Amino acid sequence: MGMQPLVHLRTLYDVQQLLKRFNIFVYVGKRIWDIELMALEVDNLYQAYVIDKDLYLQAKLVLKKEHRYEQKMAVERKKAHGKDK
């Protein structure tokens with residue numbers, strides 16, 4: 001087995017840094033949309049055999065967690081501001 005540098009992705013920032021290594025910069029303007037686009041970019045890197053399965057799964061796990069958090073916060077913001085907004 002070849003030696004690979006260990007990479008541990010724990011935060012959205014870590015995933016952003018991974019994407020930057022491949023000159024992929026994501027900023028749509030809304031955090032949840034950024035997360036969704038990053039997930040597509042990570043899929044593309046994996047499908048192109050640029051990143052290995054371990055890195056892919058780490059990135060997807062972080063993105064899924066962040067996406068769930070953003071959805072939860074959106075619901076809480078709606079409750080706080082009333083359903084009209």
How many residues of region 51-84 are outside any helix (DSSP H, G or I) and either under 17 Å from the mean Cα position of the chain (by Cα) or surrounded by 13 or more Cβ atoms within 10 Å (Cβ to Cβ) (or both)? The answer is 2
For region 42-68, pairs from a residue that is in contact (Cβ under 8 Å) with a residue 40 or more places away in the chain and among the β-branched types (Val, Ile, Thr) to a residue that is surrounded by 13 or more Cβ atoms within 10 Å (Cβ to Cβ) and in a helix (DSSP H, G or I), with Cβ under 9 Å and 6 or more apart or across chains, are 62/12; 62/14; 62/15
Reported set for region 20-50 where residues are surrounded by fewer than 19 Cβ atoms within 10 Å (Cβ to Cβ), hydrophobic (A, V, I, L, M, F, W, C) and either touching an Asp or Glu at 6+ places or on another chain (Cβ under 9 Å) or not in a helix (DSSP H, G or I) (or both) is 22, 24, 25, 26, 28, 32, 48, 50
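Throughout, read-outs are computed from the coordinates displayed, never taken from laboratory work. Everything quoted here is computed from the prediction, not taken from an experiment. Cβ coordinates were reconstructed from backbone atoms using ideal geometry, including for glycine residues, and neighbour counts include every protein chain displayed.
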